[in-house]
Amino acid sequence: MATAASALIRVPRPVSGFQWRAQAVPAQIRVLTVDEDPLVREGLAAVINREPGMALVAQASTGREALELHREYRPAIVTLGLSLPDMPGEELVARLLAEFPDARIVVITGAPGDVRMLRILETGVHGFVLKGTPNRELLEVMRQVHTGRKMVPRHIASMLAEHFADETLTPRETEVLQLVSQGNRNKDVAARLSIADETVRMHMKNILSKLGANDRTHAVTIALKRGVFQL
């Protein structure tokens, strides 16, 4: 007959086939933000750190700092503002992807024109987010990019499609128009580039035709709007 004491220490037989299983915990998406504006960086930090499964690991205000921090933290996602004090955003993208081919970069932009957008897409970024996009959409883009998808907003896709068939300016035509935008006359441009005045006139004729511009000022306005170059 079992005593009361022995009854208290009786252990139930284990259930056949029972095993302990560790509960799967989703890996965090580690994010590096790159923007020259501290208010933008702080805003992104607040949004990202509130999101389950995401963590901001570092912030950079320059391209050089971004490269150093990426080497140190190896983030899964980089958010990038295109205006940096030490290098164009396109150059940083190229340098990041040359050193870290698996880097996933999301550009946050005010839509600086189809030409620049196409140039940046060709460098290999994974996504674009327009400034002013709701936080939930920004986070969803980051999650989708983390899975390997490319995300381009409808507005930017439409803008690219609108100018898909347009002739692009040659590097020399871009150089000529950039000098014109600085107030140089044809003879000044010719002197700066060591070419004939007639050659400059020919370039300007082609530029007006390709951009659908009425005159030199109109051509500069269109080029700036489309992101051919920046002042």
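Observations
- Among the lysines of the chain, pairs that are 8 or more positions apart or on different chains and have alpha carbons within less than 25 Å of each other number 7.
- Computed in the context of the full set of protein chains, the accessible area of the chain at 1.4 Å probe radius has 53% of its extent on carbon or sulfur.
- Between Ala55, Ala45, Ala213, the Gaussian network model of the chain with springs among Cα atoms under 10 angstrom shows the greatest mean-square fluctuation at Ala213.
- Close amide H contacts of Ile105 (hydrogens built in the peptide plane, cut-off under 5 Å, sequence separation of 5 or more or a different chain): Val78, His126, Gly127.
- Region 112-231 - Rg over Rh from alpha carbon coordinates, Kirkwood radius: 1.10
- Accessible area per residue, Å², region 103-222 with all protein chains present, probe 1.4 Å: 55
- Share antiparallel - DSSP beta bridges, the chain, percent rounded to 5: 0
- Label selected from [x] 39, 18, 15; [y] 57, 17, 14; [z] 35, 20, 18, the criterion being semi-axes √(5λ) of the Cα gyration tensor in Å as computed here: [y]
The values are calculated or read from the model by the stated rules, or taken from the named source; none is laboratory data. None of these values were measured; they are calculated from a predicted model. SASA here: full protein model, heavy atoms, side chains in, ligands and nucleic acids out. Shrake-Rupley method; radii C 1.70, N 1.55, O 1.52, S 1.80 Å.
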